[in-house]
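Quick notes on the structure that follows.
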Amino acid sequence: MKAVFLDLVGTLVKGKSMEPFEGAVERFNSLKSKRRICIITNNTTDTPDGLRKKLKKAGFDLDGVVLLSPLTVLKEVLKGVKGKIYCIGSDAVVSTIRDAGKEISEDAEAVVVGLDLSLTYEKLTRATNLILNGAEFIGLHS
């Protein structure tokens, strides 16, 4: 075995609190010395850098560890998107879109949807109408 893929929440940490399970930090750091590790998460409320900071603060040694989230992939996907983006998502999704050099607008050629704790009927209606009129749909959760 050359590499290990680990889910973040429910495997290494107990949820949004990012509190490690008992023994998780020690086991992770020991495993990391023997294998390549990729941490996978479906979190779209924290940027990958934000997640790294939280994990390091909890004691995880992340040197050389790949952290893969929907926002990591979104940066790559947005390279192929022309035009403006309509966003339903957290501040982390918004900052990822902006960091990719894309403009966020209500009149857009693509719709990005992640977890939005302030979701409204109006946002859903806007996104639906854009998609029905040809905007590309990029969903970050299944």
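Every number in this text was worked out from the coordinates using simple rules, so none of it is lab data. Because the structure is a prediction, the values reported are computed rather than measured. Neighbour counts run over all protein chains shown; Cβ positions are idealised from the backbone, glycine included.
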Exercise. Looking at the range 33-43, is at least one residue in a helix (DSSP H, G or I) and under 13 Å from the mean Cα position of the chain (by Cα)?
Worked result: no
For this session: Report whether or not K102 is in a loop (DSSP other than H, G, I, E, B) and of a type in the set (K, R).
Result: yes
Exercise. Pick from D46, D107: which is in a loop (DSSP other than H, G, I, E, B), within 17 Å of the chain's Cα centre (by Cα) and closer than 26 Å to E136 by Cα?
Worked result: D46
Exercise. Is it the case that the range 23-42 has a residue that's surrounded by fewer than 16 Cβ atoms within 10 Å (Cβ to Cβ) and touching a helix residue (DSSP H, G or I) at 6+ places or on another chain (Cβ under 8 Å)?
Worked result: yes
For this session: Could you grab me the full set of residues in the range 3-17 that are β-branched (V, I, T) and either over 12 Å from K54 (Cβ atoms) or part of a loop (DSSP other than H, G, I, E, B) (or both)?
Result: V4, T11
